[in-house]
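Every number in this text was worked out from the coordinates using simple rules, so none of it is lab data. Not measured: the values here are computed from a predicted model. Glycine also receives a Cβ, built like all others from the backbone with ideal geometry; neighbour counts cover every protein chain displayed.
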Amino acid sequence: MSSLSGTQTVYRLLTTTTPRQIKPFQEPIPSAGPGEVLVKVKSVSLNYRDLVILSGAYPRPAKEGVVPCSDASGIIVAVGSEVESVTVGDKVIGNFNIRHMYGPSTTYKYALGADVDGALREYMVFQEMAVTKIPDGDGHSWDELAGLPCAGVTAWNCLYGNTPLKLGQTVLLQGTGGVSLMGLALAKAAGAKIIITSSSDEKLAKVKSEYGADYGINYKKTPNWAAEALEITSGRGVDYIIENGGAGTIKQSLECVAYGGQIAVVGFLAGNPEEMPNVAMMALFKGCLVRGILVGSKQLSEELVRAVCAQNIRIPLDEKSFGFSHEEVLKAFDHLKSGNHTGKVCIKVDSD
C-alpha cells in the first residue's frame with residue numbers, strides 16, 4: 001500500500017513575522033512514491049529555530065507558505081515500491097536535514113521547516129533513508145521520540161560527533177532548553193559530571209533534582225560563571241561545553257574550557273557580534289576545539305536512537321504539552337517564546 005484517501009490538516013506560515021501567521025488548511029493526504037514512506041505524525045516538538053524562522057530572523061528566508069517545524073515522531077502507514085528497511089507499522093523519526101546521511105553537512109537547504117515543508121501536519125512523506133526506525137518494543141512516548149531529531153541529534157553530535165565523551169569527564173550546558181537537557185541526559189548516562197547554567201534558581205533546582213545535574217550556576221548572580229566552573233573542576237576546566245549563547249557567552253566558555261577541550265557552538269541566544277572576544281587567540285592558547293554544529297546526519301540519528309533505546313534514557317519534556325487545534329498550536333509557540341519551559345515543548349498531533 002502506498003496511499004490513503006481523504007484530507008489532512010496542514011499548518012502553513014503565511015508570512016514570517018509572528019506565529020500568529022500560522023494558519024490551518026485542509027489538503028489531500030499525500031502518496032508514497034518509489035523509495036518513499038507515508039508517516040502518520042503523532043507528535044511534533046518545537047525548537048528555538050522555529051521561533052527564529054517565524055519572526056523572519058532566520059539566516060535563510062523561509063519559502064512562502066512553508067509548513068513549520070522540523071521534528072516529528074510517527075508511524076508508517078503506507079510504503080512505496082522498492083522500500084526495504086522499514087514497513088507499515090514501524091515507529092520512526094524523520095531526519096532534520098533530509099539529504100544529510102553521513103559526515104559533515106554540506107548544505108542547510110534541505111532542513112525541514114524552512115526551505116522544505118516541515119512537520120506541523122498530520123501526514124508526511126519521507127524518502128526511506130530519511131527516517132530512523134525505533135526498535136520494536138521501545139517504551140518511549142511519542143513526545144519523547146519527537147524530541148530526538150533536532151535537539152537529540154544536536155546534543156549527540158556535540159558529545160560524540162568528534163572525539164567521544166569519556167567516563168568521568170565534565171560537561172557544561174547553558175540553559176535548560178531542549179538541547180541542553182538532552183545533553184544532560186546523554187552525558188549523565190555516560191558517567192559524566194554535569195554543570196548547568198541558568199538565570200533561574202528554580203530551574204537549577206529542578207534539573208538537579210529531576211535530571212541529575214551535579215552543579216548549577218546562576219549566571220545572573222554570577223556573571224563570571226567561568227571562574228566558578230574552574231573552581232568546580234579544581235582549576236582543570238570543562239571537557240565539553242554546549243555553547244548556546246554565541247557572542248554573549250563564548251568568552252566565558254573559552255575561559256573555563258579545559259586545555260584540549262571542546263566547545264560545540266549550537267546557538268546565538270545572547271549578545272552581539274561586536275562583543276566577540278579574540279576567539280582565535282583564546283582557542284589557540286587553550287588548544288581547544290570550537291565546533292559549529294548543524295544538528296547532524298542520519299548516521300548520528302541512528303547512533304542516538306540505539307543508545308537512547310538500549311539504555312532507556314528518558315527525554316526531558318516540559319510539564320505542558322499542547323493539542324493540534326489552531327488555538328493550541330499558537331499557545332505552544334507562545335509558551336516556547338516565554339522561556340518558561342524546561343525541556344521539550346510538544347504538540348500532540350494524534351493522541352491515539
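For segment 153-292, taking Cα atoms only, what is the radius of gyration to one decimal and the Dmax to the nearest whole Å?
Calculated on Cα positions, Rg and Dmax stand at 13.5, 39 Å.
Only loop residues by DSSP count here, and only those with at most 16 other Cβ atoms within 10 Å; note down the chymotrypsin sites (Phe, Trp or Tyr not before Pro) in segment 136-180 that meet that.
On the way: sites: Trp142, Trp156, Tyr160; in loops: none.
When the chymotrypsin sites (Phe, Trp or Tyr not before Pro) of segment 136-180 are filtered for loop state and at most 16 Cβ neighbours within 10 Å, nothing remains.
Can you list the residues, at least 5 places off or on another chain, whose amide H is less than 5 Å from the amide H of Asp117, using H built in the peptide plane?
Val67
Determine the sum of side-chain charges near Met124: Lys and Arg each +1, Asp and Glu each -1, restricted to other residues whose C-beta is under 15 angstrom from that of Met124.
Numbers: positive: Arg12, Lys40, Lys42, Lys91, Arg121; negative: Glu27, Glu36, Asp71, Asp90, Asp117, Glu122, Glu128, Asp350.
In short, -3.
Can you tell me, using C-alpha contacts under 8 Å and at least 6 residues apart, the relative contact order of segment 153-292 as a whole percent? Let's see the in-between values first.
Working: 275 pairs, mean separation 27.1, N = 140.
About 19 percent, as a whole number.
Let's see if you can work this out: charge +1 on each Lys and Arg Cβ, -1 on each Asp and Glu Cβ, no other charges. What is the dipole magnitude of the chain about its Cα centre, in debye to the nearest 20? Present the calculation step by step, with values, prior to reporting the outcome.
Details: 33 positive and 36 negative charges, 127 e Å.
With only Lys, Arg, Asp and Glu charged at Cβ, the dipole is about 620 debye.
Mind scanning Lys298/Lys348; Lys40/Lys348; Lys91/Lys166; Lys42/Lys331 and naming the pairs with a C-alpha gap bigger than 21 Å? Let's see the in-between values first.
Numbers: Lys298/Lys348 24 Å; Lys40/Lys348 12 Å; Lys91/Lys166 31 Å; Lys42/Lys331 18 Å.
Check vs 21 Å cut-off fails for Lys298/Lys348; Lys91/Lys166.
Tell me, what is the percent relative contact order of the chain, built from C-alpha pairs under 8 Å that lie six or more residues apart?
18
Can you sort Ser180, Ser81, Ser199 so the residue with the fewest Cβ neighbours within 10 Å comes first?
Numbers: Ser180 28, Ser81 10, Ser199 13.
Going from least to most buried by this count: Ser81, Ser199, Ser180.
Where does helix 298-311 land angle-wise versus the long Cα axis of the chain, in degrees 0 to 90, nearest 10?
It is inclined by approximately 80 degrees.
Restricting things to alpha carbons, tell me how big segment 30-155 is in terms of Rg and Dmax, in Å.
That works out to 14.0, 41 Å for Rg and Dmax.
I'd like to compare 225-231, 33-39: which one has the highest average count of other Cβ atoms within 10 Å, and what's the full order after that?
Values: 225-231: 18.3, 33-39: 20.4.
By packing density, highest mean first, the sequence is 33-39, 225-231.
Measure out, as a whole number of angstrom, how far apart the alpha-carbon centroids of segment 297-352 and segment 1-70 sit.
Cα centres, segment 297-352 to segment 1-70: 16 Å.
Just want the answer: with Cβ charges of +1 for Lys and Arg and -1 for Asp and Glu, which residue in Pro277, Asn162, Thr176 is farthest toward the dipole's positive end in segment 153-292?
The Cα lying farthest towards the positive end belongs to Asn162.
Sum -39500 (n - 2.57) across every DSSP H segment of at least 4 residues in the chain, then divide by the residue count to get the 222 nm mean residue ellipticity, nearest 500.
Working: 10 runs with 94 residues, N = 352.
The per-residue figure over the chain is -7500 deg cm²/dmol.
State which stretch of the chain is the longest one without any exposed trypsin sites (Lys or Arg not before Pro), exposure meaning a DSSP loop state and at most 16 other Cβ atoms within 10 Å. Provide the component values of the computation, followed by the final result.
On the way: sites that count: Lys63, Lys109, Lys166, Lys220, Lys221, Arg236, Arg314.
That would be 237-313.
Taking a quarter of the surface of the Cα convex hull of the chain, what do you get in nm²?
Values: hull surface 67.2 nm².
Over all viewing directions, the chain projects a mean Cα-hull area of 16.8 nm².
Rounding to the nearest 20 debye, state how big the charge dipole of segment 53-104 is about its Cα centre with +1 on each Lys and Arg Cβ and -1 on each Asp and Glu Cβ.
Its charge dipole is roughly 240 debye.
Give, as a single signed number, the net charge of other residues whose beta carbon lies under 9 Å from the beta carbon of Val83, with Lys and Arg counted +1 and Asp and Glu -1.
Details: positive: none; negative: Glu36, Glu82, Glu84, Glu128.
Around Val83, the charge tally is -4.
Over every pair of different alpha-carbon atoms in segment 102-226, take the mean of 1/r and invert it; report that Kirkwood radius in Å.
Numbers: mean 1/r = 0.0599 Å⁻¹.
Computed over Cα pairs of segment 102-226, the Kirkwood hydrodynamic radius comes out at 16.7 Å.
Rounded to the nearest 20 Debye, what is the dipole magnitude of segment 97-201 about its Cα centre when Lys and Arg each give +1 and Asp and Glu each give -1 at the C-beta? Before the final figure, lay out the partial values.
On the way: 7 positive and 9 negative charges, 97 e Å.
Roughly 460 debye for segment 97-201.
Under 5 Å between amide hydrogens, which residues at least 5 positions from Val290 or on another chain qualify, with H placed 1.01 Å from N in the peptide plane?
Ile263
I'd like the orientation of helix 201-211 relative to the chain: the angle between its Cα long axis and the longest Cα principal axis, in ° from 0 to 90, rounded to 10.
70
Fewest to most neighbouring Cβ within 10 Å: what's the order for Cys69, Cys158?
Details: Cys69 32, Cys158 29.
The fewest-first ordering by Cβ neighbours comes to Cys158, Cys69.
Of Ile93, Tyr123, Leu304, whose Cα points farthest to the positive end of the dipole of the chain (charges on the beta-carbon: +1 Lys, Arg; -1 Asp, Glu; origin at the Cα centre)?
Looking along the dipole axis, the top candidate is Leu304.
Taking 0.36 nm per intervening residue step and subtracting the Cα-Cα distance, what contour gain separates Lys221 from His326 on full extension? The partial results should precede the final answer.
On the way: separation 105, 0.36 × 105 = 37.80 nm, distance 3.92 nm.
Fully extending the segment from Lys221 to His326 adds 33.9 nm.
Using label points projected 7 Å from each Cα along Cα→Cβ, tell me how many nm separate Ser234 and Ala310, to one decimal.
3.2
Less than 10 Å Cβ to Cβ from Ala192, Lys/Arg counted +1 and Asp/Glu -1: what total charge do the surrounding residues give? Display every interim value, and only then the final one.
Numbers: positive: Lys166, Lys188, Lys193; negative: Asp214, Asp239.
Surrounding charge for Ala192 is +1.
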